[in-house]
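Some notes on the structure that comes next.
A short reminder: the numbers here are calculations on the coordinates, not readings from a lab. This is a predicted model, so every value here is computed, not measured. Using ideal geometry, Cβ is built from the backbone for each residue, glycine included, and neighbour counts are taken over all protein chains shown.
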Amino acid sequence: MPLFPTTIAGSLPKPAWLAEPNKLWAPWRISGVELTDAKRDATLLALKLQEDCGIDIVTDGEQSRQHFVHGFLEAVDGIDFARKVEIGIRADRYKAMVPTVTGALRLKDRVHAREAQVARAHTQRKLKFTLPGPMTIADTVADEFYRERVKLALAFAEVLNKEARALEADGVDVIQFDEPAFNVYMAEVVDWGIAALERAMEGLSCTTAVHICYGYGIKANIEWKATLGSEWRQYEAIFPALAKSLIDQLSVECRNSRVPMSLLKLLDGKAVQVGVIDVASDHIETPEQVAAVVAEAAKYVAKENIIASTNCGMAPMRRDIALAKLAALGKGAELARKKFG
Ligand code: ZN
């Protein structure tokens, strides 16, 4: 691994022949066997594009799932998708139609076997795979069974752990749990969120990571960010507890964010996936801008612990812009190696 290795938060936009472009929850364009084949083809493309841009730790681009939470839930027993209700999620930041938990949660079958195995077979690079975290899932469903958030999250953690162990057996090198809810319910994170996450990663010997961001670049998030004031200090409440946790890597939002970079100091000893690419803006970062964020992070994180990444997933972005940003990420990390390596 070079100094400042690169990765992406997880998702890339899907090709227009696979799903409707430029939106979250985009409907598939095809179905049946054709869809299965198209997902595989899109996964191969996502790998190739990352490799060509100099990304060191690649992902499947999340080409096989419609949404990072509900793609997982479809394989879980105890969830009734026919009973979708509208609830406010992330402390009511936005409304979403979510399915209802109506019974004990159990994994029906493997969730991501196909795409993980396809990706593993077609790249020699380190492979990262993303799963939703237990607190975020618990925040994205209606619950009529467990009736207590902690119990619900722990039940999801058990289910996630089964899939995570199987992904490790598929040859995945890094398993990353996405927990945008960690920036919303800070007291609960310290209380039980990290414990639920550790339950989800129990028994894994591969590298583990948690991604905590301020969300995709969609309108509701941009409006929410505008209310957070001149300094975003959410991380300050949870980083000390995360530093003591069993999680190996933290994936955080830095580029164009109002997070004081000095907060990274609180993650002492952990590897940090530093978000050097803003996914909420169509402006393409220059390599110099990317290298500057790396340099700033290096004031607070040991150089060998810095991984250059994107602030969040790029799923809802225009594909040409996402690809240009991917190239900027690779070039920027290269420049950072030259300048500060
Ligand atoms: Zn994110």
- Task: Provide the percentage of antiparallel DSSP beta bridges, counting only those with both residues in the chain; round to the nearest 5.
- Result: 25
- Item | Residue-count net charge about Lys39 - beta-carbon cut-off 14 Å; Lys, Arg +1, Asp, Glu -1 | -2
- Query: Going by how many other beta carbons lie within 10 Å of each one, how would you line up Glu236, Glu115, fewest first?
  - Reply: Glu236, Glu115
- Restricting to aspartates and glutamates and to Cα separations under 16 Å from Lys14, and discarding same-chain partners fewer than 8 apart, the set is Glu34, Asp37, Asp41, Asp60, Glu62, Glu115, Asp320
- Pairwise centroid distance, computed over Cα atoms, of segment 134-154 with segment 167-237, Å: 16
- Using a cut-off of 19 Å between alpha-carbon atoms, which lysines can reach Lys299, once sequence neighbours fewer than 8 places away in the same chain are excluded? Lys265, Lys270, Lys338, Lys339
- Residues Asp248, Asp139, sorted so that the one with the fewest Cβ neighbours within 10 Å comes first: Asp248, Asp139
- Task: Provide the three semi-axes, in whole Å and in decreasing order, of the ellipsoid equivalent to the chain as defined by the square roots of 5 times the Cα gyration tensor eigenvalues.
- Result: 28, 24, 19
- Counting only DSSP beta bridges with both partners in segment 2-154, the antiparallel fraction in percent, to the nearest 5, comes to 65
- Item | Ala243 versus Ala121: modelled label distance in nm, points set 7 Å from Cα along the beta carbon direction | 4.5
- In the chain the cysteines whose Cβ sits 4.7 Å or more from every other Cys Cβ are Cys53, Cys206, Cys254
- Message: Taking only complete DSSP H runs, can you tell me which helices of the chain stretch 18 Å or more along their own long axis by Cα positions and average at least -1.0 on the Kyte-Doolittle scale?
- Response: 32-52, 149-169, 319-340
- Note on the structure: Taking only the alpha-carbon atoms of segment 1-153, the convex hull volume per residue, in cubic angstrom, is 140
- Item | Proximal charge balance of Gln66 [Cβ under 11 Å; K/R count +1, D/E count -1] | +1
- Relative contact order of the chain: what whole-number percent is it, with Cα pairs under 8 angstrom and at least 6 residues apart? 21
- The summed charge of the Val85 Cβ neighbourhood (under 11 Å; Lys/Arg +1, Asp/Glu -1) stands at -1
- Arranged by the count of other C-beta atoms within 10 angstrom, fewest first, what order do Arg29, Arg106 take? Arg106, Arg29
- Query: In deg cm²/dmol and to the nearest 500, what is the mean residue ellipticity at 222 nm of the chain if only DSSP H runs of at least 4 residues count, each as -39500 (n - 2.57), divided by the residue total?
  - Reply: -11000 deg cm²/dmol
